[in-house]
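Everything on this sheet refers to the single structure shown next.
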Amino acid sequence: MVMNGSRVVIECLVEQGVDTVFGYPGGAILNIYDELYKNSDRIKHILTAHEQGASHAADGYARATGKVGVVFATSGPGATNLVTGIATAYMDSSPVVAITCNVPTPLLGKDSFQEIDITGVTMPITKHNFMVHSIDELATVIREAFAIAKSGRPGPVLIDIPKEVTAAQIDFEPLASGADAKQAVTSVQTSLNRVLEAAVPSDEEIAAAAKMINEAERPVIYAGGGICISNASEELLAFAKKADIPVTESLMARAAFPSSSLLCLGMVGMHGTKASNMAITESDVVLALGARFSDRVISDASKFAQNSKVLHIDIDPAEINKNIPSAGALVGDVKSILSRLLPLIQEKKHTEWLNTIAEWKAQVPPSYNTPRKDSINPKFICECIHSVAGDDAFITTEVGEHQMWTAQFYPFEKPRTFVTSGGLGTMGFGTGAAMGIQFARPDARVVHIAGDGSFRMNCNELATIQHYNLPIVIVVINNGTLGNVRLWQKLFYSKRYSATTLDFGPDWVKLADAYGIQGYRAENEAEFEKVFKKAFASGKPAVIDAKVDIDELVLPMVPGGKPIYNQIMSVSEQFV
């Protein structure tokens, strides 16, 4: 069938099962938007307030479903506005395909209006990217991009299409129904498949890993985001129960293991629990599953698990021995490897080890359970939200103190229900991500916990939330400061609070009203419980301005560069 390049884009997206794209139009991509208009019954387009919001929405869509998220943007500033979202997806291994259109090929390299070398800009932050040079390669490139984005360790892929390619004609050949995935890709992806097929541990390697685990007396599991990406939460739970091994989690794995399990120790690292940090420190075997040993987890690498053998399981061989040396490694899909290990793992009881861990679990900062009179305890906020929203609600955050409080206090029970920016630490991520999740899961409820500093960066997306009537409840942790930065200024800069106090607008309730969204204000815990129940029950968009004291701290905390067992647990230790 003869069609133009823009129609080829639409047909290829439909082939890949895409039903929703996020984006913002502009001159260079107009041909595709015209074709999208003609095919609006096949693909729904979500118009955001800003391209960065669209990129985060595509990312949130991907994280909630495991499917590839898709974002459109035009040339020049439209394309560069995607960069932060692409980098966020790259750092957290989220499958996103970004489709941009550039000026016509004859204008490339001439500093033309709204021209940018977006493939050059994004090369370091994409799993792969493409510049489509002719209509003949367009369909193949799109199919290949999707295959690359979702295979192995997922990640973002960018496709840049000059405008004349979107208008050129070609006799398009659709994929045969039920065609094998390998038929849809070119030599680059075929090579990638060969690498992945080779990354399957032998039976001997599996047996050796099982032996190391079975011989451990003080084992601990360090679960990373790869557990969620691989959909391996059930396998992890079965494994931990059978071997009686406690589980620590990275930020990206906070929903990978049920918080209600006695084996759950919570987050590990800079703001990790006493139990998690000490379990890693005193263990004899650390089983790292889909985790990359980031600096926020290990801090002083020379003191991290220094008396332990590390068994590292990850799909990306580049992660093995990158930050922490391992005594053993299995490269491959963590879900598959856990399934193969499980029959070889002995049923054991590590009673003495777990009793010691129980003592560490009891050691929590006194601020955790202290009621507030004229503000709201962040722990109370998390527990109140969960009591109303339940285990099935999706929780998103921005980046900052509110993010750490959520990771520490929210009792996650189900995988993929916590979506946050980990590796890049992107302020402005969560509102777009919440929108993407809500479009991906219209049957679910989404609660977005934001900091007042981060929410300033994306509150324009209230227009999108209102327009599409998304029943997202946004809780703004309003402490009048850039809290995480203020914390470091308090610790290391003699309380010189340079440019971190937010003692100016907006009034979040009035801003919500300006967008046609119901706003609420809560200045104490009783008020918060009342207004959150009301907002959640309404089934409509809502913004809650929740007052938290400016000096509310995220504890425990490991000072930068110190070993993870060197935790500050109370104000009296260092903050005075």
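So for the range 29-89, Kirkwood radius off the Cα pairs, Stokes-Einstein at 4 °C and 1.567 mPa s: how many µm² s⁻¹?
The estimated diffusion coefficient comes to 106 µm²/s.
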Among Val446, Tyr565, Thr397, whose Cα sits farthest toward the positive end of the charge dipole of the chain (+1 at Cβ of Lys/Arg, -1 at Cβ of Asp/Glu, about the Cα centre)?
Tyr565
Across the range 447-497, what fraction of all alpha-carbon pairs, as a whole percent, falls in each successive 10 Å bin from zero upward?
23, 39, 23, 12, 3
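With a/c under 1.5 counting as rounded, go ahead and sort the range 394-435 into rounded, prolate or oblate using the C-alpha gyration tensor (a ≥ b ≥ c being the square roots of the eigenvalues; past the cut-off, prolate if a/b is larger than b/c, else oblate). Present the calculation step by step, with values, prior to reporting the outcome.
Numbers: a/c = 1.91, a/b = 1.26, b/c = 1.52.
Because a/c hits 1.5 or more and a/b fails to exceed b/c, the range 394-435 counts as oblate.
Over 27 Å between C-alpha atoms is what I'm after, so list which of Lys495/Lys530; Lys361/Lys414; Lys274/Lys379 land there.
Lys495/Lys530
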Do the sum for the chain: with -39,500 (n - 2.57) for every DSSP H run of n ≥ 4, divided by all residues, what is the mean residue ellipticity at 222 nm, to the nearest 500 deg cm²/dmol?
-10500 deg cm²/dmol
Net length gained if the chain between Asp392 and Glu234 were fully extended (0.36 nm per residue, minus Cα distance)
55.3 nm
For the range 478-543, just run the numbers: alpha carbon Rg, then divide by 2.2 N^0.38 Å, N being how many residues it has.
1.46
State, in angstrom, two size descriptors of the range 443-558 derived from its alpha carbons: Rg to one decimal place and Dmax to the nearest whole number.
15.3, 49
With the cut-off at 1.5 for a/c, could you classify the range 365-430 from its C-alpha gyration tensor as rounded, prolate or oblate?
oblate
If R0 is 45 Å, what FRET efficiency do you get for Phe504 and Asp300 from their C-beta distance, rounded to 0.05?
0.70
P(r) weight above 15 Å for the range 242-322, C-alpha pairs, percent
56 percent
Are there DSSP H segments in the chain that both extend 18 Å or more along their axis (alpha-carbon positions) and score a mean Kyte-Doolittle hydropathy of at least -1.0? List them, or say none.
51-65, 138-150, 525-538
Taking a quarter of the surface of the Cα convex hull of the range 294-346, what do you get in nm²?
4.4 nm²
One-quarter of the Cα convex hull surface for the range 109-163, in nm²?
4.2 nm²
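Could you compute the net charge surrounding Gln489? Neighbours are other residues with a C-beta less than 14 Å from the C-beta of Gln489; K and R count +1, D and E count -1.
+2
Across the chain, where is the longest run that never hits trypsin sites (Lys or Arg not before Pro) in a DSSP loop with at most 11 other C-beta atoms within 10 Å?
Segment 111-348 is the longest.
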What nm distance separates the two modelled labels at Lys495 and Met3, each placed 7 Å from Cα along Cα→Cβ?
6.6 nm
What percent of all Cα-Cα pairs in the range 319-445 falls into each 10 Å bin, going from 0 up to the bin containing the maximum distance?
9, 24, 31, 27, 7, 0
Can you tell me how the range 197-261 classifies by the Cα gyration tensor, rounded, prolate or oblate, using a/c under 1.5 as the rounded cut?
oblate
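Hey, with R₀ at 41 Å, roughly what FRET efficiency would Asp19 and Asp111 work out to, going by the Cβ-Cβ distance, to 0.05?
0.60
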Could you work out the relative contact order of the chain, using alpha carbon pairs under 8 angstrom and six or more residues apart, expressed as a whole percent?
14 percent
Listed residues Ser6, Ala54, Asn39: farthest to the positive end of the dipole of the range 1-86 (Cβ charges)
Ala54
From the C-alpha gyration tensor of the range 515-576, square roots of 5λ in Å
36, 13, 10
Say a paramagnetic label sat at a point 7 Å from the Cα of Glu523, along Cα to Cβ; which residues of the range 534-555 have their backbone N under 13 Å from it?
546-548
Using only the Cα atoms of the chain, each taken as one equal point scatterer with no solvent, compute I(q) by the Debye sum, divide by I(0), and report log10 of the ratio at q = 0.06, 0.10, 0.12 Å⁻¹.
-0.31, -0.87, -1.20
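None of the figures in this text is laboratory data; all of them are computed from the coordinates on show. Note that the coordinates shown come from a computational prediction; the quantities given were computed from them, not determined experimentally. All Cβ positions, glycine included, derive from the backbone under ideal geometry; neighbour counts span all protein chains shown.
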